[in-house]
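Every read-out reported here was derived from the displayed coordinates using simple, explicitly stated rules and does not represent laboratory data. Every value quoted in this text rests on a predicted model; they were computed, and no experiment measured them. Glycine also receives a Cβ, built like all others from the backbone with ideal geometry; neighbour counts cover every protein chain displayed.
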Amino acid sequence: MLIILGCVVGVIYLFFFFLKKGMKKKIPQNDFIKVITTTSLQGNDLLYIIQVGFHYYVVGSGGGSLSLIAQITDKETIDTIMLKAAEESPEVKKSFSDILLHIFNPGKKQEGLLSNPINFMKKQQERLDKLK
C-alpha cells in the first residue's frame, strides 16, 4: 500500500512539474512600454529586453530589485530582436493538449513558415518594412 501511495504522489509531482515547465507567466503590455522578451538566468533572476517608446533597454531583475544593464542603440540588433520576438509571439495561445504534446514530444518537427523558405523570407521582409 505504501509503494502504491508513493507512486501516486510521484505521478502527481511529475504532472505538476511538467505543467509548470510548459506554462510561462504573462506580463501585461501597453502601447508605450513593452516587454519584448524575457529570459530566466537562474533561480528568480530574470533578464528583460524592454521597449520604451523608441528606445530599447536590457534590464536585470533579481533579489527583489531591478537594474539597468544596457541600452540597445544598434539598429541591426534591434531589428534582430524584434524579428525573434515576433517569431516567438506570446499572443499565440496554446491549448493544454498542445503544451503536453510539446513537453512529451519535443523532437516533433515544426510546420508552417519553416517548411517553405520563400514564404518565410517574404514574412521577414514584411516585418522589416513595418519596423521602418
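A few remarks follow.
- Within region 30-57, tally of residues that are of a type outside the set (Lys, Arg), surrounded by 13 or more Cβ atoms within 10 Å (Cβ to Cβ) and out of contact with any Leu (no Cβ under 7 Å at 6 or more places or on another chain): 9
- Of all residues in region 43-63, those satisfying the criterion of being of a type in the set (S, T, N, Q) and not in a loop (DSSP other than H, G, I, E, B) are Gln51, Ser61.
- The residues of region 61-88 that are surrounded by 14 or more Cβ atoms within 10 Å (Cβ to Cβ), within 16 Å of the chain's Cα centre (by Cα) and not β-branched (Val, Ile, Thr), listed by number, are Met82, Leu83, Ala85, Ala86.
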